[in-house]
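Working notes, structure below.
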Amino acid sequence: MDVLRLDNISKSYGKVKALQGVSLTVPEGTVFGILGPNGSGKTTLLSIILDVLAADSGRYLWFGQPPSKEQRKRIGSLLETPNFYHYLSAVNNLKITSSISGRGDVQDIAHTLRSVNLYERRNSRFSTYSLGMKQRLAIAAALLGAPRVLVLDEPTNGLDPVGIAEIRELIKTLNKQGHTIIMASHLLDEVEKICTHVAILKTGKIITTGPVDEVLADEELVELSADNNA
Ligand code: ATP
């Protein structure tokens, strides 16, 4: 079953054509990377499928259905770092997040903290967390309400090497536990390490898409994915 299908999505900001006729399919159970250099349209694409932005044209389907409030509950997302309170614990921060979003209850909070391996540190203040732990808490917030799909925008951006390794491992674990993951990245080696499928985006167009081992075997296409390892 396809989790997500995009048909011919376009979006411009004034004269800037951010997305030009993007079509792609995300199969269930995958870690699906949207790989492209800065400015290629990754955030615009994720914002559209999360209903944060409206497309100018085209359509998309979640689980074969037009987007709806019900469908939206099955999708967790991390587009921007949440504003956690530095002087509050992880548990209390998630209680606030949960009450604002209406997702998850106390049991769910405990479960998500275990999922991201922060349960032991659940009562520590957010300010005492490492960068990787902070990002794991942000992913825990996205997991409230037990979504089937997680949409993550550049989830390792700005982290130190330990944090990067933690987040990559967590994404693989969450995928093994049954979540389909859709993530933007500008790092070829990241996509190679953790994604099962990829779509390469260049100036708003999909150059190619498919299983990672097939797509990345084509060196010419990989060259086009540009600022690798930047
Ligand atoms: P980055 O990794 O730098 O965020 P990206 O691949 O996510 O890049 P987008 O942020 O989607 O790309 O931007 C795609 C294009 O649209 C870029 O040329 C960008 O400058 C432009 N753009 C994005 N948001 C706006 C906006 N609100 N107003 C005008 N232009 C925008």
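The values are calculated or read from the model by the stated rules, or taken from the named source; none is laboratory data. Since the model is a prediction, treat every value here as computed from it, not as a measurement. As a convention, Cβ positions derive from the backbone with ideal geometry for all residues, glycine included, and neighbour counts pool all protein chains shown. These accessible areas exclude ligands, DNA and RNA; they are computed on the full protein's heavy atoms, side chains included. Shrake-Rupley method; radii C 1.70, N 1.55, O 1.52, S 1.80 Å.
Evaluate the range 115-131: report whether one residue or more is among the polar types (S, T, N, Q), within 24 Å of residue 43 (Cα to Cα) and under 18 Å from the mean Cα position of the chain (by Cα). For the range 115-131, residues among the polar types (S, T, N, Q), within 24 Å of residue 43 (Cα to Cα) and under 18 Å from the mean Cα position of the chain (by Cα): absent. Taken over the range 79-119, the criterion of being within 24 Å of residue 4 (Cβ to Cβ), open to solvent by less than 10 Å² (accessible area, probe 1.4 Å) and touching a residue at least 40 places away in the same chain (Cβ under 8 Å) is satisfied by 116 alone.
Each row is one residue, and each column tells you yes or no for (1) under 25 Å from residue 223 (Cα atoms); (2) crowded, with 16+ Cβ neighbours inside 10 Å; (3) touching a residue at least 40 places away in the same chain (Cβ under 8 Å).
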site	(1), (2), (3)
27	no, no, yes
35	yes, yes, yes
38	yes, no, yes
41	yes, yes, yes
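Of everything in the range 33-69, what is on the phi > 0 side of the Ramachandran plot, at pLDDT 95 or above and away from the ligand (no atom under 13 Å from the Cβ)? Give them in sequence order. 58 - this is the single residue of the range 33-69 that is on the phi > 0 side of the Ramachandran plot, at pLDDT 95 or above and away from the ligand (no atom under 13 Å from the Cβ).
Does the range 145-156 include one or more residues that are of a type outside the set (Val, Ile, Thr), part of a helix (DSSP H, G or I) and open to solvent by 30 Å² or more (accessible area, probe 1.4 Å)? Scanning the range 145-156 turns up no residue that is of a type outside the set (Val, Ile, Thr), part of a helix (DSSP H, G or I) and open to solvent by 30 Å² or more (accessible area, probe 1.4 Å). The set of residues in the range 163-191 that are outside any helix (DSSP H, G or I) and over 11 Å from the mean Cα position of the chain (by Cα) comprises 177, 178, 179, 186, 187. Scanning the range 196-216 for residues that are within 16 Å of the ligand (Cβ to nearest atom) and not β-branched (Val, Ile, Thr) gives 199, 201, 202, 204, 205.
Quick grid of which residues meet (1) among the polar types (S, T, N, Q); (2) modelled with pLDDT of 95 or more; (3) closer than 21 Å to residue 22 by Cβ:
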{"position": "152", "(1), (2), (3)": "no, yes, yes"}
{"position": "169", "(1), (2), (3)": "no, yes, no"}
{"position": "199", "(1), (2), (3)": "no, yes, yes"}
{"position": "205", "(1), (2), (3)": "no, yes, yes"}
{"position": "219", "(1), (2), (3)": "no, no, no"}
{"position": "227", "(1), (2), (3)": "no, no, yes"}
